[in-house]
1. The range 1-78: Rg/Rh from Cα coordinates, Kirkwood Rh?
2. Using Cα positions and a limit of under 19 Å, work out the aspartates and glutamates in reach of Lys263, with same-chain residues fewer than 8 apart set aside.
3. Please list the non-local residues whose amide H lies under 5 Å from the amide H of Leu14, H modeled 1.01 Å from N, same-chain partners needing a gap of 5 or more.
4. Among the lysines, which have Cα under 29 Å from the Cα of Lys13 when same-chain residues fewer than 8 positions away are ignored?
5. FRET efficiency for Ala36 and Arg252, Cβ-Cβ distance as r, R0 = 30 Å, nearest 0.05?
6. Explain nothing, just the number: dipole magnitude of the range 37-83 about its Cα centre with +1 on each Lys and Arg Cβ and -1 on each Asp and Glu Cβ, in debye rounded to the nearest 20.
7. Per DSSP H run of n ≥ 4, the term is -39500 (n - 2.57); total these for the chain, divide by its residue number, and report the mean residue ellipticity at 222 nm rounded to 500 deg cm²/dmol.
8. Counting each pair of different Cα atoms once, what's the Kirkwood radius of the range 1-132 in Å, rounded to one decimal?
Amino acid sequence: MQAGVSTACLYPKLLEDALYELAVNGIAHTELFINADCELRRPFVATMAELMSRFGVTCRSLHHFAAPIEPMMLFSVYERRVGDLIDYYKHSFEAMQTLGAEIFVLHGNAVHNPVPADFYCERFMRLAEAARPYGVIVAQENVVRCQSGSLKFLEEMKAQMGDEIRFVLDVKQAIRAGENPHLMLQRLGSNVVHVHISDHSEKGDCLQLGTGRFRIRAFLEEVYRHSPECSVMLELYRSSYRGISDLVSNYRMLSRMIAGVEKAAEETPFTE
């Protein structure tokens, strides 16, 4: 299990500047949030890969700014749109090969215009199959404004797709949807391959770690029990922290907690 920080925390700072700021401050693992088409062009991707290599930074995942058009494209009944979006996302998959990223984060269809679960899963699988030759895993994120915001819907996806489905568990999105992130993790189990973490309390649903009421250590133990190779990415909104020192502090705290969980598991293996 590995701690990291998403470049999305630094939005709207330019991607390369956000990546540099994380890297120069010792954050060694990241998720890249792509904010413009030009950021997927080969020269730009090569520059980011060189920067990561220079500072010893690894990238686990990629999140695309085009997520809001997925309902209109991937989940459309107009077949040409589906093919167009899959072809469009192949540029992301190609970039991910260069960057060493394995997980493509998918938001999916909007909750206000739902489609049947079998239709949804068929479209998901088409995208996942297109990603596979690039060594990329498409993972469904729980997002409050999407069908995926509901644990019941995610469980239906898991029931239909079995080992073919992978999930990104976003803690703040679970709280916004009225879901319990601990329960989501228990129900989705080893199909969760990536986590976006933050704290929460009556003060807000996207807080710095240790400033809310979230049982972070217990949650990390659950993550490790089900998915020990999972990356746990700090993802905060810019209004949730004061400056880069807060992100570094949160990253170090998260790294220490993960190390503690792993050490405890080695000394006293978890039991079901």
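1. Numbers: Rg = 14.0 Å, Rh = 13.4 Å.
Answer for the range 1-78: 1.04.
2. Those aspartates and glutamates meeting the cut-off are Glu221, Glu222, Glu229, Glu272.
3. For Leu14, no residues qualify.
4. Excluding near neighbours in sequence, the set is Lys90, Lys172, Lys203.
5. Details: r = 31 Å, r/R0 = 1.02.
For Ala36 and Arg252, the calculated efficiency is 0.45.
6. On the way: 6 positive and 5 negative charges, 23 e Å.
Rounded to the nearest 20 debye, it is 100 debye.
7. Working: 10 runs with 124 residues, N = 272.
Calculated from helices alone, the mean residue ellipticity at 222 nm is -14500 deg cm²/dmol.
8. On the way: mean 1/r = 0.0640 Å⁻¹.
Evaluated on the range 1-132, it is 15.6 Å.
The values are calculated or read from the model by the stated rules, or taken from the named source; none is laboratory data. All figures in this text were calculated on a predicted structure; none of them were measured in a lab. Neighbour counts run over all protein chains shown; Cβ positions are idealised from the backbone, glycine included. Only protein heavy atoms, including side chains, enter the accessible area calculation; ligands, DNA and RNA are left aside. Shrake-Rupley method; radii C 1.70, N 1.55, O 1.52, S 1.80 Å.
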